[in-house]
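If you scroll down you'll find the structure; I have some questions about it.
Just so you know, all these numbers are worked out from the coordinates, no wet-lab data involved. Just so you know, these numbers come straight off a predicted model, no measurement behind them. When we count neighbours, we look across all protein chains shown, and the Cβ atoms used for this are built from the backbone with ideal geometry, even at glycine.
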């Protein structure tokens, strides 16, 4: 049971072969189009924010967002409440990001691309925003994910462990190290209050 | 040696104070003055709050991908997966059929080996004729015909099944 009281009933790995499929012969996605649009409106921007900060690139966040929602729709999520569905969606998204990390290191790429990859944005980011983005991008991808899930999403340690495929016992130490690293970066850049 | 994280009982209160958006109350401020770990937590949690707000602003200004398109893409993906599942046994059978054909060919060659040796032993074109005659003799010819019919039958069965599946 997670800290906010609900039981995560669906524990199958969303990335396991065949896991993003319904029963054989079924030809319907997990929710109808109207329900999906409402769910997307409720959680799309939060997921995009997470992906944008973890991947360090808005364009990649767009792609990952579509992929995550697509996998979510074909996943067997029947019977899950909305908060569980949201947790499951974030887990799918995290698995996608982990796959990308495995393919190639994005740390340097993120540093190089931010904010130049965002030139086409309607509103250019402010200097403070760029500073924050660059500082956060200096952390390792896993550190970014840990800090975002803990401090922005407010996820409990066991939920973070599940999302990142780590042991729950190791989260406290890893989170402490990530926090220490970010604090040192903030100190170095004079951003610490 | 693994550095163990310090644990302060005020951690949750400090985090709450940092993310509330209001100045911390005097008790928390007094604790922050004494506890370096909580000062760090307070600074990081407050900074993450700013980062979250900044990212939220970016997200609100951005045109996210069209949900209708994602929904249809998911449907197509699911149909494609259903098709892949349905045709998976056929894919396996195709490999089995290729293997079966190869085995049949080997059996055919082994059966006809004595006759084929005659070709190899022949030094000129004229001396091939006895080997050809042996090959076409009733016993050799029967083997050849039976093997050919078996192969043709196998191919016909595969073709008919493929047609039935496609229908």
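For residue B:143 and residue B:80, what does the FRET efficiency come to when R0 = 56 Å and r is the distance between their Cβ atoms, rounded to the nearest 0.05? Mind showing how you got there, number by number?
Numbers: r = 46 Å, r/R0 = 0.82.
The formula returns an efficiency of 0.75 here.
If you don't mind, there's one more thing I want to ask. Starting from 0.36 nm per residue, how many nanometres of slack lie between residue A:191 and residue A:102 once their C-alpha separation is accounted for? Working shown, then result.
Working: separation 89, 0.36 × 89 = 32.04 nm, distance 3.13 nm.
Gain on extension, residue A:191 to residue A:102, equals 28.9 nm.
In addition: Please give the FRET efficiency for residue B:33 paired with residue A:83, using the beta carbon to beta carbon distance and R0 = 45 Å, rounded to the nearest 0.05. Spell out each step's value before the answer.
Numbers: r = 38 Å, r/R0 = 0.84.
My answer for the efficiency is 0.75.
For residue B:49 and residue B:69, what is the calculated FRET efficiency with R₀ set at 35 Å and r taken between the beta-carbons, to the nearest 0.05?
For R0 = 35 Å, the calculated efficiency reads 0.60.
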